[in-house]
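The structure appears below as structure tokens.
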2 protein chains.
Amino acid sequence: MSVTAPAGAPARALVCRNCGAEYPLIAQNACYECFGPLEVGYHDDVLRAVTREQIESGPDNIWRYAPLLPAGQDPATRVTVNPGMTPLIRADALAAELGMKTLWVKDDSANPTHSFKDRVVSVALSAAKGLGFTRFACASTGNLANSVAAHGARAGVPTIVFIPYDLEQNKVVTSAVYAGDVVAIEGSYDDVNRLCSELTETDEFEDTAFVNVNVRPYYAEGSKTLGYEVAEQLGWRIPEQVVIPMASGELLTKVDKAFSELIDVGLVPDSSWRVFGAQSAGCNPIATALHADTDQITPVKPTGIAKSLNIGDPAAGPYALEAVRRTNGWMDYVNDDEIRAGIQLLARTTGVFAETAGGVTVAVLKKLVESGKLDPDAETVVYNTGEGLKTIDAVSAQVGPTHTVAPNLKAVRAAGLLG
Amino acid sequence: MSVTAPAGAPARALVCRNCGAEYPLIAQNACYECFGPLEVGYHDDVLRAVTREQIESGPDNIWRYAPLLPAGQDPATRVTVNPGMTPLIRADALAAELGMKTLWVKDDSANPTHSFKDRVVSVALSAAKGLGFTRFACASTGNLANSVAAHGARAGVPTIVFIPYDLEQNKVVTSAVYAGDVVAIEGSYDDVNRLCSELTETDEFEDTAFVNVNVRPYYAEGSKTLGYEVAEQLGWRIPEQVVIPMASGELLTKVDKAFSELIDVGLVPDSSWRVFGAQSAGCNPIATALHADTDQITPVKPTGIAKSLNIGDPAAGPYALEAVRRTNGWMDYVNDDEIRAGIQLLARTTGVFAETAGGVTVAVLKKLVESGKLDPDAETVVYNTGEGLKTIDAVSAQVGPTHTVAPNLKAVRAAGLLG
């Protein structure tokens, strides 16, 4: 199967991130030469012709950036719940608590299935449809399964999502309610991922696009929109610092790539930026490698409450290390108590209720300020990639009613509410 | 306290819905003459000067309609999480299952705190700020508390929300995480509401705006945006039929008011529409009055899983009856099993995961088609007002993993996934 790119479409080829070998725009995610991961390459001249006006006149979702994406240029070809253009929220109260000057929260819990995964799934499945696939699938830590299942229901295409058996119940139900197949695997996410790679090689799954396996190059490009949007929402400029959660590490590398592209094609002024990565203490292989000043990422067995980030063998880890080193950023990690405190800090100061991944990122932001790794006077964007309701158990023991009283004034007075 | 309306502001006075008596734009919700509810009245000439172009050039949220609202004209005066412009989703697969021709889902779970309440809270609190209030409060069945607490956190204003003690845990946590006061009342919502009315009369709560009590006239106007948006999203025209959930009944009356206003001020062509109301069997006082052909609404003690609709003594019930009768619509109600089926039907056919209130509305839509009360050939909009994650327990016993297998191909084959 191969994409028949329409005339003027921006994508040109799949390009190996390691050795530069090129392939047509097919369903393939690893280089036959060196086994390196494949990435979408573009026609430079097509990208350079894109204007701010063209983007601004587009829809209020990721498809305004279709001229910079590998699929979905024609609205009729999209498989999508129309995610994107989520709020960029000025966070003055949070900045003040952290001793920072200018801080923004990019709140991707506002997407249709309430995580940034809707972006990558919309791009992957639009490409997959063009490639002729008739079933959608994924290996997921939860949010991705929610998104694939919802996309399939919207599009009327069967789905089969693979998840670790011990996921948060809210994420399981929010996948299963769409009535596709939900396969719980008695193992870790890394086991699920390995199994899905094997399944793509079977006859029975020949018709199946695994969004983050066989169509991964297209999938990964969807994350660029989290860079494009922040730049556009800031008035077409790149922030000085960004703090991004890391699971596979792919999101971080793609936001970094988005910033480079915007400068290359002339949509924003040239400027420098620093990229910071956030992990949990229960799953910190990329940050640990950075701290040890090595290129060698040692896989771990993930633990802890930030399940959506629990990828022990992170595929894009080396590229995340490269981006952070190149931009003079840093990575750090936080434990479960710090994650819970991060969720509550963000909620209390901004009105944004994040899932554990957002708690990780805010808590790491705090740590980076305290350690002096991040400049508190430089404009910073912190990414919240998911919704607190999906990981409600993370905080349900911490917060609840502050008072419980009978329904009369006397009881209210006795509770101290009337002084 | 009174609003100092800026020159050119659309709101003119508070007007009694029963006797027409007028009051200045103060914090008051009942008529001193006849105890009827007060509603915001506007300067007709100011409304008539509003153009489509003016609205379309506004922000992609409810504030594009500020020229038609009682507060928030000046962005600096807003207390808001910027809700609105939620998706209007073409629901062809759902229409086909129901034997309908043209059906849309207005999905208000896409708001920042994932219910339509963000609309009314943003308008109420923007008015409340202008009135000088320094604390925000509400009587809530859950979603309203979530929204008030989040608005307070965003604005840096203290909040105190009052809820029935037996709410869904997800809604309690999603209120408490913002760190304001959460008061659980050992009684029904109607008890909570009565208590809050009493509290507004106490010295200790003199500084407190209860969004749905003492500033209710402003609050209620926020629901008009759910009518405006649908009309604008359809290309500036009014749909032939709308199906709307009813708790107090206010939302239904305000969507109806919005349609009338749009015609009156010349923003849409004149056309007729029919309004349909949805309740649960556990709390159906308005629908029961319609079915009994009476104006007398007999309060009930609510039961059942659609807790966000469980208002046994619905304040706007008489006005909802009037709107439904005037437009030749109808009301109906469904039981808990039908509600669960409604949630699953909507999810499976549209990719939208609704809370129990949305399940009520979709199940009532189905019933209205089956009973012939609603015309399946007329263009219809069904409103989903909240998010499935908030009432996850409603379906968590119904849906879950379809398979649970060990992480290897052999196990996958044994489970029948490889044929």
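A single member of B:Arg194, B:Arg216 is closer than 30 Å to B:Arg17 by Cα, out of contact with any Lys or Arg (no Cβ under 7 Å at 6 or more places or on another chain) and more than 8 Å from chain A (Cβ to nearest Cβ), and it is B:Arg216.
Scanning the stretch A:103-116 for residues that are open to solvent by 40 Å² or more (accessible area, probe 1.4 Å) and more than 9 Å from chain B (Cβ to nearest Cβ) turns up just one, A:Trp104.
Per the conditions (1) polar (S, T, N, Q); (2) touching a strand residue (DSSP E or B) at 6+ places or on another chain (Cβ under 9 Å); (3) in contact (Cβ under 8 Å) with a residue 60 or more places away in the chain; (4) open to solvent by 10 Å² or more (accessible area, probe 1.4 Å), the sole criterion not satisfied by B:Asn284 is (3). Residues that are under 26 Å from B:Pro302 (Cα atoms) and open to solvent by 50 Å² or more (accessible area, probe 1.4 Å) within the stretch B:198-211 comprise just one, B:Glu198.
Applying the criterion of being polar (S, T, N, Q) and within 14 Å of A:Ile55 (Cβ to Cβ) to the residues of the stretch A:212-250, the residue that is surrounded by the most Cβ atoms within 10 Å (Cβ to Cβ) is A:Thr225. In the set (1) over 18 Å from the mean Cα position of the chain (by Cα); (2) more than 14 Å from chain B (Cβ to nearest Cβ), the condition left unmet by A:Ala357 is number (1).
Every residue, every condition in (1) surrounded by 20 or more Cβ atoms within 10 Å (Cβ to Cβ); (2) at negative phi; (3) touching a helix residue (DSSP H, G or I) at 6+ places or on another chain (Cβ under 7 Å), yes or no:
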site: A:Gly20; (1), (2), (3): no, no, no
site: A:Tyr23; (1), (2), (3): no, yes, no
site: A:His43; (1), (2), (3): no, yes, no
site: A:Leu47; (1), (2), (3): no, yes, yes
site: A:Asp60; (1), (2), (3): no, yes, no
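Return a yes/no flag: does the stretch A:82-102 have any residue that is modelled with pLDDT under 95 and surrounded by fewer than 20 Cβ atoms within 10 Å (Cβ to Cβ). No, the stretch A:82-102 contains no residue that is modelled with pLDDT under 95 and surrounded by fewer than 20 Cβ atoms within 10 Å (Cβ to Cβ). Within the stretch B:409-419, the residues that satisfy the criterion of being open to solvent by 60 Å² or more (accessible area, probe 1.4 Å) and either facing chain A (nearest Cβ under 7 Å) or in contact with a strand residue (DSSP E or B) (Cβ under 9 Å, 6 or more places away or on another chain) (or both) are B:Ala414, B:Gly419. Considering only residues that are assigned to a helix (DSSP H, G or I) and more than 14 Å from chain A (Cβ to nearest Cβ), look in the stretch B:335-354 and name the one that is least open to solvent (accessible area, probe 1.4 Å). Going through the qualifying residues, I end up with B:Asp336.
Condition check ((1) closer than 25 Å to A:Ile89 by Cβ; (2) hydroxyl-bearing (Ser, Thr, Tyr)) across all residues:
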position: B:Thr51; (1), (2): no, yes
position: B:Pro59; (1), (2): yes, no
position: B:Leu68; (1), (2): no, no
position: B:Pro75; (1), (2): yes, no
position: B:Val79; (1), (2): yes, no
position: B:Pro83; (1), (2): yes, no
position: B:Thr86; (1), (2): yes, yes
position: B:Lys101; (1), (2): no, no
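Only one entry in B:Gly400, B:Gly388 is at the interface with chain A (Cβ under 7 Å from one of its Cβ atoms), open to solvent by less than 30 Å² (accessible area, probe 1.4 Å), farther than 24 Å from B:Pro83 by Cβ and of a type outside the set (A, V, I, L, M, F, W, C), namely B:Gly400. Looking across the stretch B:1-16, the residues that are modelled with pLDDT of 95 or more and either touching a helix residue (DSSP H, G or I) at 6+ places or on another chain (Cβ under 9 Å) or over 17 Å from B:Gly130 (Cβ atoms) (or both) come down to B:Pro10, B:Ala11, B:Arg12, B:Leu14, B:Val15, B:Cys16. Restricting attention to the stretch A:360-385, the residues being within 14 Å of another protein chain (Cβ to nearest Cβ) and either part of a loop (DSSP other than H, G, I, E, B) or not polar (S, T, N, Q) (or both) number 1. In the stretch B:393-419, the residues that are at positive phi reach residues that are surrounded by fewer than 14 Cβ atoms within 10 Å (Cβ to Cβ) and not in a loop (DSSP other than H, G, I, E, B) with C-beta atoms within less than 6 angstrom, at least six apart or across chains, in these pairs: B:Gly419/A:Glu204. Restricting attention to the stretch A:158-187, the residues that are modelled with pLDDT of 95 or more, surrounded by 21 or more Cβ atoms within 10 Å (Cβ to Cβ) and more than 7 Å from chain B (Cβ to nearest Cβ) add up to 8. Among the residues of the stretch A:344-357, is there at least one that is without any contact (Cβ under 8 Å) to a residue 40 or more places away in the chain and among the acidic types (Asp, Glu)? There is no residue in the stretch A:344-357 that is without any contact (Cβ under 8 Å) to a residue 40 or more places away in the chain and among the acidic types (Asp, Glu).
Among the residues of the stretch B:62-77, those identified as part of a loop (DSSP other than H, G, I, E, B) and crowded, with 22+ Cβ neighbours inside 10 Å are B:Leu69, B:Pro70, B:Ala71, B:Gly72. Being free of Cβ contacts under 8 Å to residues at least 24 places away in the same chain, surrounded by fewer than 24 Cβ atoms within 10 Å (Cβ to Cβ) and touching a Cys at 6+ places or on another chain (Cβ under 8 Å) is a property that does not hold for A:Thr298.
Taking the condition more than 14 Å from every other protein chain (Cβ to nearest Cβ), in contact (Cβ under 8 Å) with a residue 40 or more places away in the chain and open to solvent by 40 Å² or more (accessible area, probe 1.4 Å), does A:Asp332 pass? When the stated conditions are applied, A:Asp332 does not pass them. One residue stands out among those in the stretch A:131-157 that are more than 14 Å from chain B (Cβ to nearest Cβ) and within 25 Å of A:Gly227 (Cα to Cα): the one that is surrounded by the fewest Cβ atoms within 10 Å (Cβ to Cβ), which is A:Thr141.
For (1) in contact (Cβ under 8 Å) with a residue 24 or more places away in the chain; (2) in a helix (DSSP H, G or I), each residue gets a yes or a no:
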site	(1), (2)
B:Glu33	no, no
B:Asp45	no, yes
B:Val50	yes, no
B:Asp60	yes, no
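The values are calculated or read from the model by the stated rules, or taken from the named source; none is laboratory data. Worth saying up front: this structure is predicted, and the values here are computed from it rather than measured. A quick note on method: Cβ atoms are made from the backbone with ideal geometry, for glycine too, and the neighbour counts reach across all protein chains shown. We work out accessible area using only protein heavy atoms, side chains counted, and drop any ligands, DNA or RNA first. Shrake-Rupley method; radii C 1.70, N 1.55, O 1.52, S 1.80 Å.
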